[in-house]
Amino acid sequence: MTSIDFYFNADDRMRLACRLAGKAIAQGRRLLVWAPLADSAQAIDRMLWTTPATGFVPHCMAHDALAAETPVLISAAATEPNGCDILLNLGVECPPSFERFDRLLEIVSRADDDRESARRRYRFYRERGYPIADHDLAAST
């Protein structure tokens with residue numbers, strides 16, 4: 001069953017997404033970033049080139065010719081490609097086919113609209129019995 005991690009009170013969702021992507025690579029995992037909006041996909045693509053400051057996170061779009069060899073992929077469709085075991089959600093809805101991944105990462109900012117959509121997703125997962133781990137980023141600062 002997919003385990004779900006919610007990261008609450010993020011100051012910057014994209015920066016945290018980059019950090020989590022780098023952590024997944026360091027653990028030898030492959031990660032798919034679900035970015036259903038073109039703006040989100042472009043923003044995460046740009047940030048992954050410069051984060052961390054001393055390097056970058058190897059990534060490409062899921063439809064790219066190098067996708068099979070790249071540890072972090074960006075896509076508007078969570079149903080593609082095979083080989084990724086972690087899904088990072090940058091959308092406001094539950095990603096389609098999230099249950100085929102080992103882990104799902106949800107990042108929640110302090111903005112009210114983001115919190116409300118995250119509460120809906122949280123309830124959806126909890127009602128279906130998925131194990132959820134909460135990470136309050138405000139408590140760790």
Here are some conditions: (1) in a strand (DSSP E or B); (2) within 20 Å of residue 70 (Cα to Cα). Residue 6 meets all but one. Which one does it not meet? (2)
Filter result for the condition that a residue is closer than 23 Å to residue 97 by Cα and at pLDDT below 95, over 26, 62, 53, 17: 62
Does region 10-18 include one or more residues that are in contact with a Phe, Trp or Tyr (Cβ under 8 Å, 6 or more places away or on another chain) and not hydroxyl-bearing (Ser, Thr, Tyr)? yes
Read through the list (1) free of Cβ contacts under 8 Å to residues at least 24 places away in the same chain; (2) farther than 22 Å from residue 82 by Cβ, then give the number of the only condition that residue 28 fails. (2)
Taking the options 66, 37, 20, name whichever one is of a type in the set (A, V, I, L, M, F, W, C), closer than 19 Å to residue 108 by Cα and open to solvent by 30 Å² or more (accessible area, probe 1.4 Å). 37
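For residues that are among the charged types (D, E, K, R) and not in a loop (DSSP other than H, G, I, E, B), scanning just region 88-108, find the one that is nearest to residue 24 (Cα to Cα).
Once the filter is applied, the top-ranked residue is 103.
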Report, by residue number, each residue of region 77-87 that is crowded, with 17+ Cβ neighbours inside 10 Å and part of a loop (DSSP other than H, G, I, E, B). 78, 84
Filtering region 38-52 down to residues that are within 15 Å of residue 62 (Cα to Cα) and among the acidic types (Asp, Glu) yields 45
Any residue at all in region 19-41 that is over 17 Å from residue 3 (Cα atoms), part of a loop (DSSP other than H, G, I, E, B) and not small (Gly, Ala, Ser)? yes
Across (1) within 15 Å of residue 7 (Cβ to Cβ); (2) open to solvent by 40 Å² or more (accessible area, probe 1.4 Å), residue 90 clears everything bar (2)
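The values are calculated or read from the model by the stated rules, or taken from the named source; none is laboratory data. Quick caveat, the model's predicted, so the values are computed rather than measured. Positions of Cβ are generated from backbone atoms using ideal geometry, with glycine treated the same way; all protein chains shown enter the neighbour counts. With ligands, DNA and RNA removed, areas are computed over all heavy atoms of the protein, side chains included. Shrake-Rupley method; radii C 1.70, N 1.55, O 1.52, S 1.80 Å.
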